[in-house]
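Below you'll find the structure, written out as structure tokens, and then a few comments.
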């Protein structure tokens, strides 16, 4: 649904975008949700293009009600992925060739990522208003390496630089939702969530060394710094959902993060503020149909527009995309298997850089629903 969900309330879904939604979980229910996704990234500029692919863990969540008006959820979600692997050879006659340097090959690799383990709760504080909070433990590290191998091994040194940036700390997200029931099973929901800014413990290590054909190595630079904390700015999300119960719903979200205030090692001059619009719709022909399997499937579509937090040479990266998906119910249960496909285009046009990425993502999640704490009346 394009990522919209700040105002969404669904008794069969764990919506960790807004913890106030946990109060809508069915009484005596237990929900388990696990997801993965596969991405294809087509990268191009004025002179070259490339293709990469990536298989990622998306989320692992569990949720259950404590009482009729109070729900709890826990889970593990990735916050960033630092993987990349790029190489380039510069030979005589190429645009970047310098006879003083000679021919060489550069290697640029990245790995690691950040994850968040969260526990959250949501409570109905009145007939129409719910509030909730997620507390997250953020941890992980990002690794980068850059190596330059010169073709003239006998008269030159090769140079390699490695970096490791580790982060750890606590995050807190707050949420509110207002739900109003209208005539003929129609409804309107309004949602607000606020991710508080985070000061995270950080450790940045960098090592630069040189080596030659005879395997002798000299350390040129070694630096380890844990004196400064990383700062991640607050994120504001607002949203609205309208629809008809068990039939269709449509939502719109607005997101704002002042990324220019962030303090992260190596990010000076590369971060810019982000505003995004996310919109989506879901339609189910007949959720409780006894016959006609296709009528019980959830059909979804969405769009998203906005910026990316990266800025190169003062020009922000722009982003837009569309998505489609289906939720396939399993027999004699509320459990579902969800599939989605998303196409996102990132573009940068300004300064000396003209760059475009076409990113295709295909995802699968399994939503398992079970009833707990009920005594059997018959064997």
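The values are calculated or read from the model by the stated rules, or taken from the named source; none is laboratory data. Keep in mind the model is a prediction, meaning the values are calculated, not measured. Methodologically, a virtual Cβ is constructed for each residue, glycine included, from the backbone with ideal geometry; neighbour enumeration extends over all protein chains shown.
Among the strands (runs of 3 or more DSSP E) confined to region 140-214, the ones with at least 1 residues that are modelled with pLDDT of 95 or more and surrounded by fewer than 17 Cβ atoms within 10 Å (Cβ to Cβ) are located at 158-181, 186-195. Being within 24 Å of the chain's Cα centre (by Cα), over 30 Å from residue 369 (Cβ atoms), without any contact (Cβ under 8 Å) to a residue 60 or more places away in the chain and not in a loop (DSSP other than H, G, I, E, B) is a description that applies to residue 111. Scanning region 282-296 for residues that are surrounded by 18 or more Cβ atoms within 10 Å (Cβ to Cβ) and within 30 Å of residue 255 (Cα to Cα), which turns out modelled with the highest pLDDT? Going through the qualifying residues, I end up with 282. Taking the criterion of being surrounded by fewer than 17 Cβ atoms within 10 Å (Cβ to Cβ), in contact (Cβ under 8 Å) with a residue 40 or more places away in the chain and in a strand (DSSP E or B), the only residue of region 243-275 that qualifies is 244. Taken over region 79-90, residues that are part of a strand (DSSP E or B) and surrounded by 15 or more Cβ atoms within 10 Å (Cβ to Cβ) amount to 3. Residue 9 fulfils the conditions (1) over 15 Å from the mean Cα position of the chain (by Cα); (2) in a loop (DSSP other than H, G, I, E, B); (3) without any contact (Cβ under 8 Å) to a residue 40 or more places away in the chain except for a single criterion, (3).
Of the residues making up region 12-58, those that are within 24 Å of residue 72 (Cβ to Cβ), in a strand (DSSP E or B) and within 22 Å of the chain's Cα centre (by Cα) number 7. Restricting attention to region 298-321, the residues being without any contact (Cβ under 8 Å) to a residue 40 or more places away in the chain, over 29 Å from residue 282 (Cα atoms) and either in contact with a helix residue (DSSP H, G or I) (Cβ under 6 Å, 6 or more places away or on another chain) or assigned to a strand (DSSP E or B) (or both) number 2.
Per this entry, residue 27 is not counted among residues that are touching a residue at least 40 places away in the same chain (Cβ under 8 Å), within 30 Å of residue 156 (Cβ to Cβ) and either in contact with a strand residue (DSSP E or B) (Cβ under 9 Å, 6 or more places away or on another chain) or surrounded by fewer than 17 Cβ atoms within 10 Å (Cβ to Cβ) (or both).
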